[in-house]
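So the structure is just underneath, and the comments pick up after that.
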Number of protein chains: 4
Amino acid sequence: MSIHQPAITLLISCPDRPGIVASVSQFIFEHGGNILESDQHSTNQEECRFFMRISFAEEGFRLAPGELVAGFQPIAEHFQMSWSVSYSRRRKRAGILVSKLDHCLTDLLWRWKSGELAMDLAFVLSNHPDLEPLAQMYGVPYHHLPVRKEQRQEDQRRMLDLIGGASVDFLILARYMQILEPFVVQSYPQRIINIHHSFLPAFVGANPYQRAFQRGVKLIGATAHYVTESLDEGPIIAQDVIHCNHRDTVEDLVRKGRDVERRVLAEAVRLHTEDRVLVYENKTIVF
Amino acid sequence: MSIHQPAITLLISCPDRPGIVASVSQFIFEHGGNILESDQHSTNQEECRFFMRISFAEEGFRLAPGELVAGFQPIAEHFQMSWSVSYSRRRKRAGILVSKLDHCLTDLLWRWKSGELAMDLAFVLSNHPDLEPLAQMYGVPYHHLPVRKEQRQEDQRRMLDLIGGASVDFLILARYMQILEPFVVQSYPQRIINIHHSFLPAFVGANPYQRAFQRGVKLIGATAHYVTESLDEGPIIAQDVIHCNHRDTVEDLVRKGRDVERRVLAEAVRLHTEDRVLVYENKTIVF
Amino acid sequence: MSIHQPAITLLISCPDRPGIVASVSQFIFEHGGNILESDQHSTNQEECRFFMRISFAEEGFRLAPGELVAGFQPIAEHFQMSWSVSYSRRRKRAGILVSKLDHCLTDLLWRWKSGELAMDLAFVLSNHPDLEPLAQMYGVPYHHLPVRKEQRQEDQRRMLDLIGGASVDFLILARYMQILEPFVVQSYPQRIINIHHSFLPAFVGANPYQRAFQRGVKLIGATAHYVTESLDEGPIIAQDVIHCNHRDTVEDLVRKGRDVERRVLAEAVRLHTEDRVLVYENKTIVF
Amino acid sequence: MSIHQPAITLLISCPDRPGIVASVSQFIFEHGGNILESDQHSTNQEECRFFMRISFAEEGFRLAPGELVAGFQPIAEHFQMSWSVSYSRRRKRAGILVSKLDHCLTDLLWRWKSGELAMDLAFVLSNHPDLEPLAQMYGVPYHHLPVRKEQRQEDQRRMLDLIGGASVDFLILARYMQILEPFVVQSYPQRIINIHHSFLPAFVGANPYQRAFQRGVKLIGATAHYVTESLDEGPIIAQDVIHCNHRDTVEDLVRKGRDVERRVLAEAVRLHTEDRVLVYENKTIVF
């Protein structure tokens, strides 16, 4: 759902116990906030955990950002909350990392320009020069930053400097074919979104499309997830599949894979920019 | 989501204004209720309308049913709410109406017996005798009640008496091929669920499968909705489609139609039994 | 399936009777053709009709194009065939008509450039100037050709001249918001592909998204079809849907509609360029 | 596609070279056969392999079964074909193996009785007594045959005797929770169909639903395949998925898994009974 009036969104995660919703909604109400959306989820597992996303109109709300934080702090402490607040008027700022494949980048740029993705775009960064014209057409700065095997650490450190200088809130790996060094991943915890192909059954390792073809799979899929230090094992944000059959060549599988990859990545980015994703342990709650 | 501990669920619809969530959640909290699920929705249309579904644990909640109603009444009046309360321990009681086609009935009976549908089943009623053995296998009373053209009104009045005698909460038309008289529909407002085929484009009138075949459609679908006096025009609860192609004969379309019909009807029944559907004007909010 | 070696494809439609496959495949074999793909379909309706698509390698086939036509003619006459032949090395030449909305155009251009669509692109033509930069980025000529209400006939005649001058094989209406005059449609029979939204149930007329929203549909879809003189009623090539719910605003429905529209249109174009679509009466056979 | 007139179907696999289709279709034609359906597929891989399924009307075809085999043999030898012939009037005879879970069995029995699956049903065999009433309602013999850990070999040998005595053509494992001994698998090569859950990513080993839940997957799927001696690694016949989210408990995942399992298994059985599946190496071609 797009909320078109300026909104303030709280994301909350805490141990489950009675009174949380009452306290949070009372706090919003008594300061003049009108709730626009509210979602919550409780795990009924051994350990009960409570998750909440609540959005309210900025108009009419009487606390300035600093006052909101100060005012909410006692509630947060009382319930031992991990929490964050965001203002829809302050759009998230993204950087896109890409290599040579352009399907995800093309899709993201178009959706961004058409207003589907409520984010600002700081740059496109690539270890190859190929996609500069595409970025240029959309007026987005393009940085060509090769990563050399023998000096990957230094190159990624330079990259991290560049990213840091652009003050981005999160990074999108739009088919960026380099493994990020741990110090990069640690700099943007739960704020780097990656896309990769997924098969049933899984084909871990090299040439997955070739092997999926040889196995005659009837589905190929894509998974968008937050990057953690365990490669491709981070919390899943979105997934989808597409049907295929014996007529599909390896190239057809790759083509269909592109379609599902770009769709799933765009969906994950949209959910992230709208503060709809909470991570707990290695799992997401997507409101 | 299945909630496995006994729960109390409030369904609320009212004009939107600040303070509703705070008031409702405060009420639940102060009487010892622990919220299990909460969903809300506001229409941002000309007329702002607020919808809410909130479930809390029965265990620990200190008000008896009568006390809950009395205690909540002032809040409901203050916000001009339409509202209802249900207890998961008091399962809804359903009656199924069917003619000769058994695909929806088979599916519902199996899902009901396997525990997927949290309802009690009062009877299967049909204008034909054919499906009695099926109902018997699942131990459900079967009523054969023919509807004769020349005395449809009387026959349906007899049917309504029978249904009334069984104290059902809602009715499921599992491919019941008779048009219900207005007095039947009015007796169970927003409590009769029907399933019918749907095509893109629509083929209104007789022989829809034959005409969809002639038009070479690539999709066939099904729509489950609440019955209103406007035939097949009531609020939509669930919809889905299935792909088809030129190889599908009319019979194949009918076969595929059965698959999607039974799946969509079962989904609508599940949503209804779990109090997940709110109706406003001719539209549903499905939480 | 992509066939990567140069191939010759026959599309055949004729009354069904024994011996067709034998005759066609014998003809190909005796002139050195190796069959790559073969599909056939017979309608088992009142009138039995036979449809066939057969592709064979150009390499090794000993007949020149003119000889093929002359040599096949007796078989075609014997079986009263409607038939056509195409060479994959001679890619189809397309023209795209568009108005202001860019989602389908962006998608088609990207797929075309990435090699997914085996066609040449002669031009993008629009009644608005807005999308020229997009066409330019892909190096495709852009013609701005306004259509004025009071002189629609003349304007479309000028448009037809321009199209004719570009020697295109088929036209793609990528959200072209003008109704084509009958003389335009008649100039490219079964060679103009259009995309439009589709709903369950159908909302014919103005503001379909607004009305679908008011009705609370749970699905929105898109249909790609050949243009005939009956508006939006031509043979369906491809269809798909996307799920939606009460949280989707009218704008969300439009956004989701864009996603499904561009996917379905691209699929229809791909099928057409690969000679996979046969039309009979108002229906397609898609091999 | 359902062919409603009695048909003869040839399944052919051989090295690819020119003239195969011509020879086969000429053979059918000269003996009076009218082709109803024909599909072929060539692998364009290192090793070119040709696959074909061709159905023709039994009415008018002048060769008796023995004559067909004798007459076709020279063609088969010339092209080094693996081939088989089947008559639609001689329906395949199936045996179903099941344990305690009834969702797949319920679905198969209903589809079988409703005429969707063109097979005869010899028996339902289970290592538990629980599902006997279900089989009885459909008039299918039920054999209770426990498999004891300490004498699995003997028990499965008894089972194989029983199956052999029933002269079945193929076996359906409708959630049969015992690993088949190699001698059982070898007795029905490419004629035992199994269904199992599938996840993205894969969760091999125990408690897959629990682990998929902990990982927060957004999809769960099912794969139907032929049983080989490599557990769950045989050629895939059909696959599908269903979406899920953080609200789904482990029990919800199991429920959704049941839905997709029974749908995918039924599809695989339908394809097998209609002779639509060819196996080559560890892959299927599904016509």
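The table for this structure:
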quantity	calculated
Estimated distance in nm for a label pair at C:Met137 and D:Tyr280, the labels positioned 7 Å out from Cα along Cα-to-Cβ	4.2 nm
Only Lys, Arg (+1) and Asp, Glu (-1) charged, at Cβ; chain C dipole about Cα centre in debye	640 debye
Electrostatic dipole magnitude of the stretch C:140-287 [Cβ: Lys, Arg +1; Asp, Glu -1; Cα centre; debye, to 20]	460 debye
Gyration tensor (Cα) of the stretch D:19-136, equivalent ellipsoid semi-axes in angstrom	38, 19, 13
Size descriptor, Kirkwood hydrodynamic radius, that averages inverse alpha-carbon separations across the stretch D:154-278, Å	15.5 Å
Carbon and sulfur %, accessible surface of the stretch D:92-286 computed with the full protein complex present, 1.4 Å	50 percent
Mean Cα-pair separation over length for the stretch A:7-87, i.e. relative contact order, pairs under 8 Å, 6 or more apart, %	47 percent
Inverse mean reciprocal Cα-Cα distance (Kirkwood Rh) of the stretch A:239-287, Å	12.6 Å
Reduction of at least 30 Å² in accessible surface, 1.4 Å probe, comparing all protein chains with the chain by itself, residues of the stretch C:66-111	C:Asp102, C:Thr106, C:Trp110, C:Arg111
Residues in the stretch A:68-95 reached by a label modelled at A:Arg62 [backbone nitrogen below 11 Å; 7 Å Cα→Cβ]	none
Neighbour-limited loop hits for trypsin sites (Lys or Arg not before Pro), the stretch C:125-190 (at most 11 other Cβ within 10 Å; DSSP other than H, G, I, E, B)	C:Arg148
At most 11 other Cβ within 10 Å, DSSP loop - trypsin sites (Lys or Arg not before Pro), the stretch A:34-98	A:Arg62, A:Arg89, A:Arg90
Solvent-accessible ranking of D:Val286, C:Val21, B:Val69, largest area first, probe 1.4 Å	B:Val69, D:Val286, C:Val21
Delta accessible area of at least 20 Å² on complex formation, residues of the stretch A:6-34, 1.4 Å probe, chain isolated as reference	A:Asp16, A:Pro18, A:Gly19, A:Val21, A:Ala22, A:Ser25, A:Gln26, A:Phe29, A:Asn34
Over 32 Å between alpha carbons, listed pairs B:Lys256/B:Lys283; B:Lys100/B:Lys283; A:Lys100/C:Lys283; A:Lys256/C:Lys218	A:Lys100/C:Lys283
Per-pair calculated FRET efficiency, R0 = 25 Å: B:Arg211 and B:Glu251 via Cβ, rounded to 0.05	0.95
Two-decimal Rg/Rh across the protein assembly as shown, once Rg and the Kirkwood Rh are taken from alpha-carbon atoms	0.96
Nearest-10 value in Å² for the accessible area of C:Glu181, using the 1.4 Å probe	30 Å²
Share, in percent, of DSSP beta bridges within the protein assembly as shown that are antiparallel, nearest 5	70 percent
Cα-based reach from D:Lys92 at 21 Å (exclusive), listing lysines while leaving out same-chain residues under 8 positions away	D:Lys113
Within-12-Å neighbourhood charge of A:His103 [Cβ basis; K, R +1; D, E -1]	+3
Of all accessible heavy-atom area on the stretch C:7-87, the percent that carbon and sulfur account for (1.4 Å)	53 percent
DSSP beta bridge pairing in the stretch A:92-286, given as percent antiparallel to the nearest 5	50 percent
For the stretch D:245-267 versus the stretch B:150-189, the gap between their alpha-carbon centres in whole angstrom	34 Å
Nearest-20 debye value, the protein assembly as shown charge dipole, Cβ charges on Lys, Arg, Asp, Glu	0 debye
Stokes-Einstein diffusion coefficient of chain A, Kirkwood radius over Cα pairs, 25 °C, 0.890 mPa s, in µm²/s	119 µm²/s
Against the rule of thumb 2.2 N^0.38 Å, how large the Cα Rg of the stretch D:110-151 comes out	1.37
Cα radius of gyration and Dmax for the stretch C:7-87 (Å)	12.3, 41
Accessible area buried, both sides summed, chains A and D with 1.4 Å probe, Å²	3000 Å²
Chain C - mean residue ellipticity at 222 nm from DSSP helices (-39,500 (n - 2.57) per run, n ≥ 4, rounded to 500)	-10000 deg cm²/dmol
Residue of C:Pro18, C:Pro133, C:Pro182 that the Gaussian network model of chain C assigns the largest fluctuation, springs spanning Cα pairs under 10 Å	C:Pro18
Accessible area (Å², per residue) of chain D, counting only protein heavy atoms and a probe of 1.4 Å	38 Å²
Teacher prompt: A:Pro182 distances to equivalent labels in other copies, 7 Å Cα→Cβ, nm	4.5, 7.6, 7.6
Computed over the stretch B:71-153, Cα set: Rg, Dmax in Å	18.2, 53
Accessible-area ranking of B:Tyr280, B:Tyr209, largest first, probe 1.4 Å	B:Tyr280, B:Tyr209
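The values are calculated or read from the model by the stated rules, or taken from the named source; none is laboratory data. Keep in mind the model is a prediction, meaning the values are calculated, not measured. Backbone-built Cβ (ideal geometry, glycine too); neighbour counts: all protein chains shown. Surface areas here come from the heavy atoms of the whole protein model, side chains and all, with no ligands, DNA or RNA. Shrake-Rupley method; radii C 1.70, N 1.55, O 1.52, S 1.80 Å.
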